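Presented below is the structure to which this report refers.
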2 protein chains.
Amino acid sequence: MSGWITVAGIGPGAEAQITPEVSAALAEATDIVGYVPYVARIAPRPGLRLHPSDNRVELDRARSALDMAAMGRRVVIVSSGDPGVFAMASALFEALEAHTGQESDIRILPGITAMLAAAARAGAPLGHDFCAINLSDNLKPFAIIEHRLRHAARGDFAMAFYNPRSASRPDGFARALAILRKECGPDRLMIFARAVSTPAETLRIVTLAEATPDMADMRTVVLVGNRATRRVGRWVYTPRSDREGLV
Amino acid sequence: MSGWITVAGIGPGAEAQITPEVSAALAEATDIVGYVPYVARIAPRPGLRLHPSDNRVELDRARSALDMAAMGRRVVIVSSGDPGVFAMASALFEALEAHTGQESDIRILPGITAMLAAAARAGAPLGHDFCAINLSDNLKPFAIIEHRLRHAARGDFAMAFYNPRSASRPDGFARALAILRKECGPDRLMIFARAVSTPAETLRIVTLAEATPDMADMRTVVLVGNRATRRVGRWVYTPRSDREGLV
């Protein structure tokens, strides 16, 4: 039995943003496991089994990958973006912890995460200290999200929000915007980047005063500048230096 | 004149972590600009001019790239990791802002940033909300760093520290550790990842109580878990869910 599991980041969408080490793992795989739209990005070939599954079944998916590897299969779990950022790597280790005694040959291969692809399109809005927050309250109470938003704003971090808004959670993003409006000035720059690196890509740069909840959906990553973030031409960037008194 | 500038992320070190779009830009370039060790990673070829420069001259380097592009050259500014994370993209926009009136054809191409490469090697320590802080006080007062460390800890963010310690700034990291010791428990997990993805790679997992300043240098990225970060076998991961009362 020489099965293995690789959790591979396939980037935000464009083929040209998939690293060669991920492409090599995909080429050696016997089985591809993942959320339906991510598995759909993998080209079928003879001998390759595709196992698309639904959203919110991450633990089942991870357990099934462990089982397949134990049977000698070479399994790639595909994650959009980077597998370690609000994605399948944590789910795999949760499943491993529950599968006591199972030794598996596991590798995690990083990928281009959505916030960095979006930041690159906009300029360099995350060019100074920043944080990444998952706005979904599927796995944590919204009070923790609010708590983190306040600390992020008071620490003057630029911010990236993943999963800002979905049909089943239409109100959370409005609450997040309300907190930002209390903590930051109305001119704070925000970027709504949707479907970055795909043909459907859109990029919208607004101030916090102009931002509305409907600007975000599940395919959007939202970036918020820090107090020094500014425009130059069509670009948005955060300066590297920070000399003025924050504290 | 059809010059352009691309700021390209060449990842933390391994060739296999350079995206195809970055490789394509490098292949089209007439000029490569960047910090000495990053330019040294680019294979020379006839017609390609290499312009290595020293650390701390980022603005001069960006200005010279703008001048070359204005003369019709195809310039790639290489950044280790991702160009938008404590790297050359912000420096380029600072230079562009000062170069009033200069219209340039600019692209930023994302790369695998050090914290995500390091996290992948360790497991999934950044699998929940996290922040990235540059610990260098070359461009900001250390009081701002301390302020951000406190907010990051109180918001229970996992953390990634870039530029934790250098020969010219030996004491800052000790001060950062002292703040973490006040804010977090002694069992908080930390990862010192040095030269990730290169032959010199080392990975060291310790508790906050065990951490000492000499574990970090300029080639190290330091990761700090949140209050739920744990070990499973040789791995470190942060669970996706957070149900217990933080607030």
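Any read-out appearing in this document is the output of simple, stated calculations on the displayed coordinates, not a laboratory observation. Every value quoted in this text rests on a predicted model; they were computed, and no experiment measured them. Here the Cβ positions follow ideal geometry from the backbone for every residue, glycine too, while neighbour counts run over all protein chains shown.
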ask   = Which Rg and Dmax, in Å, describe the Cα atoms of chain B?
value = 19.5, 62
task = Quick one: check the C-alpha center-to-center distance for region A:24-94 versus region B:141-218, whole angstrom.
result = 33 Å
ask   = Over all residues in B:16-27, what is the mean tally of Cβ atoms on other chains that come within 10 Å of each residue's Cβ?
value = 4
ask   = Across region B:156-167, in residue order, what do the Karplus-derived ³J(HN,Hα) couplings come to in whole Hz, using 6.51 cos²θ - 1.76 cosθ + 1.60 with θ = phi - 60° and x for Gly and Pro?
value = 6, 7, 5, 9, 10, 10, 9, 6, x, 6, 9, 4
note = Label points for B:Pro52 built 7 Å along Cα→Cβ; distances to same position in the other copies, nm, shortest first, come to 4.9
query = Across peptide A:155-168, what mean number of C-beta atoms from other chains lies inside 10 Å of a residue's C-beta?
reply = 2
Using distinct alpha-carbon pairs, which all enter the 1/r mean, Kirkwood radius of region B:115-237 in Å = 14.2 Å
task = Kindly write out, for region B:221-227 in residue order, the coupling ³J(HN,Hα) from the Karplus curve 6.51 cos²θ - 1.76 cosθ + 1.60 (θ = phi - 60°), rounded to whole Hz, with x marking Gly and Pro.
result = 10, 10, 10, 10, x, 8, 5
message = Spelling out what I want: for every residue of region A:76-87, take phi, set θ = phi - 60°, compute 6.51 cos²θ - 1.76 cosθ + 1.60 (Karplus), and round to whole Hz; glycine and proline get x.
response = 10, 8, 8, 10, 5, x, 10, x, x, 10, 6, 8
key: Listed residues B:Gly11, B:Gly185, B:Gly225, most fluctuating in chain B (Gaussian network, C-alpha, under 10 Å)   = B:Gly185
Teacher prompt: B:Pro186 distances to equivalent labels in other copies, 7 Å Cα→Cβ, nm = 5.2
request  = Obtain the nm distance between the two label points defined at A:Thr212 and B:Arg56 by a simple spin-label model: each point lies 7 Å from its Cα along the Cα-to-C-beta direction.
outcome  = 5.1 nm
key: Cα→Cβ-extended label distance, 7 Å offset, between A:Arg45 and B:Ala98, nm   = 4.9 nm
Amide H within-cut-off set for A:Thr6, under 5 Å, with H built and near neighbours excluded = A:Val75, A:Val76, A:Ile77, A:Arg107
ask   = Percentage of Cα-Cα pair distances in region B:4-112 greater than 22 Å, rounded to whole percent?
value = 20 percent
remark   = The set of residues whose placed amide H lies less than 5 Å from the amide H of B:Tyr35, leaving out same-chain residues fewer than 5 positions away, is B:Ser53
key: aspartates and glutamates with Cα under 14 Å of B:Lys182, excluding same-chain neighbours fewer than 8 positions away   = B:Glu146, B:Asp156
task = Quickly rank A:46-58, A:23-35, B:76-88 as a protection proxy: mean count of other C-beta atoms within 10 Å, highest first.
result = B:76-88, A:23-35, A:46-58
